[in-house]
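In what follows, a single structure is set out as structure tokens and then discussed.
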Amino acid sequence: MEDAPRGLRESLKRVAVTLKEADIPFALGGSYACWARGGPEPVHDVDFMLREEDVPQAVAVLAAAGLRPVDPPEDWLTKVFDGEVLVDLIHHPVGRAVTTQMLERSSEMSVDSVRMPVLEATDWFEMTLLALEERYCDLARVLPMIRAMREQVDWDQVRRSTAASPFAEAALLVATRLSLIPPADGDAVSGVRRTPTGGNVPVTGRNVPMSPAPAAFPSSAGGAAGEPQVGQRAGPSTDVAGGAGGAGGADDAAGAALAEADPSGPARRGAAACAGRGRVRGDGPRASPGPAIGTAAAGRMPAGGARAPGGASGAGAGPGSGACLDLTEADEYLAGDLHELLAADPRVAELGLEVVLREGCVLVVGEVATDARRQAVTEVVAEALPGRAVRNEVTLIYRGAVDADTEDLDVETIP
Amino acid sequence: MTHGVPAPVHLRTPPGPTIRVAAVGDIHLGVDSGGGFAPVARGLAGRADVLLLAGDLTQHGLVAEARVVGEEVADAEIPILAVLGNHDYHGDAEGEITEILADAGVTVLEGDGAVLDIGGVRLGVAGVKGFGGGFAGASGSDFGEPLMKAFVRHTKDLSADLQFALEGLDCDIRVALTHYAPVPETLIGERAEIYPFLGSYHLAEAVDAGGADLALHGHAHAGSERGSTAGGVPVRNVARPVIGKPCALYEIRVPTTVDRESAGSAGEWRSAALVAPTAT
Ligand SMILES: [Fe+2]
Ligand SMILES: [Fe+2]
């Protein structure tokens, strides 16, 4: 096995040189094309891509060069043996014909010091991802190839041409969520396309500032940490819920207080809440009296990391202060962030809720004391992760007045 | 631990006088929870001698929430003692919350105790919030970074406070009241990974050393109700979601001299009795 790659490479070069000398258009494909473009070295498989009409001539010249043709039952390729090494001559990869244009798009590269046309990276990924199917969908093999070739690929083109394949979609989603590849432009991204709200859901790349989605951020979306307005609010009356209480429930009252304190209005606050690479948390006014985003840029901030004295857990976490999270993060981090957010947001304020992100959907399980808090779970998650479907499976701890009955409590005897 | 003989050994001694303790933790009242707990507090008259609240009385540690708690317990006819929980500290208003509860007639314990005379029986309750740190084999150490030391020292300090408070009680029945758990047994149901955030064995050490007859805690909403310390003291997790009822009721008999003398084997008979609790 040690010598297998060397043997493979020798055969690869022999076939390439023979086809070149016969002026038969071809391109190196398969895992060796990936290797040529920086991917892992394969241990079997030498694949060449040819137009179907050129295959008979290719087989003839290769046979003349001493290789042994085999006529396989498959109708999309033929094979030649170079000694022990099997070389595939593929004319219909994943059911699509190899075209002149495809071969012309390929680039001349040096492969183990022999120059030859190598399949273009975008074409290569279209084929590779379309080849994934139910019995062959090991992303552990695909992801290193994406890592190796990502800069050479037009990913939007790959998304378009593989849109019909759920396996390709899954691979691209994982790669996008791992920030290996940039997210799709606008609605084209597979992950966002089927979200309920549709539209411009701000899933963005690593270095792209998030665009605010005003529709997804109601007026209550203000009050994120790091805004100067929050710093001002954090002054004398930090007990938002208590101080502003009275008319119309603490949530509404506090929301009004936040709105008053911020003349720039909800839209701008929504934008500020979502700007920047760092996550924006709904807390920490005392620690962030300074200019906007200071706290947010600092990266992860635990809920309640800095709180205003004697009152609400920070004006920023005051009722109605939805915070939006860094949507480019891996699901498990987002789940942790949401868990903290649900504890920190006074509308829910429940530490024991379990958050699971799966298939773009946010599942929240657990118990809260009131129906209002149960409903607020959906609100808080929707504000933090706009565009994600929310499955709220939270139940109520107290089941009505019957529950409060002390009539028939059993007694345990402690010896 | 299974016992072949279900009959509790303590039946051999003549039963002493008893008191009845009502306890619940983690009621997590919010500003929207008015009216939910008042019937419980009121309804305990004649059914229990005292109500112990094991922390997390508020949802977010807000003063406004503490006022709701105060209003909900204002009509109670039995004495109420409480410790605060981590939620009650979240708003950095624990001092004010303590005052509001005190104004409503609740004795808030933190490193101290109180003795109530209940029909001639002196019930002593010592309370601390407690803290995390973990349990044997998976616990934090007073070692390394200042924050880590501070974390573990907070637990140790509060545990020492609890022991001191227990020892200071001149009473017939001694109850330790905490928010955090002293033993892992009453955490069963929670994910093992978070045990170190749910309690500390230092609290159990204090419970044992302080000679408590019962330890009550909350905090672990998904935990289990019953456990006991290494020294055999019964531990009950009275977190509202755990007990599944408005509050738990425990009847505690005044330990006799015989009980005290047999304290060496206390673990055995106490556990045996708890395997098959006798209803009254
Ligand atoms: Fe709690
Ligand atoms: Fe708690």
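Among what's in segment A:334-364 and is within 11 Å of chain B (Cβ to nearest Cβ) and over 19 Å from residue B:91 (Cβ atoms), pick the residue that is most open to solvent (accessible area, probe 1.4 Å). Checking each candidate, the answer is A:354. If we scan segment B:155-167, do we find a residue that is of a type outside the set (Asp, Glu), within 16 Å of ligand 2 (Cβ to nearest atom) and either more than 14 Å from chain A (Cβ to nearest Cβ) or surrounded by fewer than 21 Cβ atoms within 10 Å (Cβ to Cβ) (or both)? Yes, segment B:155-167 has at least one match. When you go through (1) more than 16 Å from ligand 1 (Cβ to nearest atom); (2) closer than 22 Å to residue B:111 by Cα one by one for residue B:217, which number turns out not to apply? That leaves (1) as the condition not met.
Residues in segment B:213-237 that are among the hydrophobic types (A, V, I, L, M, F, W, C) and either touching a Phe, Trp or Tyr at 6+ places or on another chain (Cβ under 6 Å) or open to solvent by 10 Å² or more (accessible area, probe 1.4 Å) (or both): B:222, B:230. Scan segment B:238-250 for residues that are open to solvent by 10 Å² or more (accessible area, probe 1.4 Å) and more than 7 Å from chain A (Cβ to nearest Cβ) and the total you get is 3. With respect to residue B:99, determine if the residue is assigned to a helix (DSSP H, G or I), within 16 Å of ligand 2 (Cβ to nearest atom) and over 19 Å from the mean Cα position of the chain (by Cα). When the stated conditions are applied, residue B:99 does not pass them. Residues in segment A:84-107 that are under 17 Å from residue A:18 (Cβ atoms) and open to solvent by 50 Å² or more (accessible area, probe 1.4 Å): A:86 alone.
Of all residues in segment B:57-82, those that are more than 8 Å from chain A (Cβ to nearest Cβ), under 24 Å from residue A:345 (Cα atoms) and in contact with a Lys or Arg (Cβ under 9 Å, 6 or more places away or on another chain) total 0. Residue count for segment A:385-415 satisfying the condition of being surrounded by fewer than 16 Cβ atoms within 10 Å (Cβ to Cβ), of a type in the set (A, V, I, L, M) and modelled with pLDDT of 85 or more: 0.
For segment B:30-51, the criterion of a residue being away from ligand 2 (no atom under 16 Å from the Cβ), touching a Lys or Arg at 6+ places or on another chain (Cβ under 6 Å) and at pLDDT 95 or above is satisfied by at least one position.
Please enumerate the residues belonging to segment B:102-140 that are among the charged types (D, E, K, R) and in a strand (DSSP E or B). Walk me through how you get there before you give the answer.
Taking segment B:102-140 first, the residues among the charged types (D, E, K, R) are B:103, B:110, B:112, B:117, B:122, B:129.
Matches in segment B:102-140: B:112, B:117, B:122.
Residue count for segment B:46-77 satisfying the condition of being part of a loop (DSSP other than H, G, I, E, B) and buried (at least 20 other Cβ atoms within 10 Å of the Cβ): 9.
The values are calculated or read from the model by the stated rules, or taken from the named source; none is laboratory data. Everything numeric here is computed off the predicted structure, so don't read it as measured data. Every residue, glycine as well, gets a Cβ built from its backbone with ideal geometry; the counts of neighbours run over all protein chains shown. We work out accessible area using only protein heavy atoms, side chains counted, and drop any ligands, DNA or RNA first. Shrake-Rupley method; radii C 1.70, N 1.55, O 1.52, S 1.80 Å.
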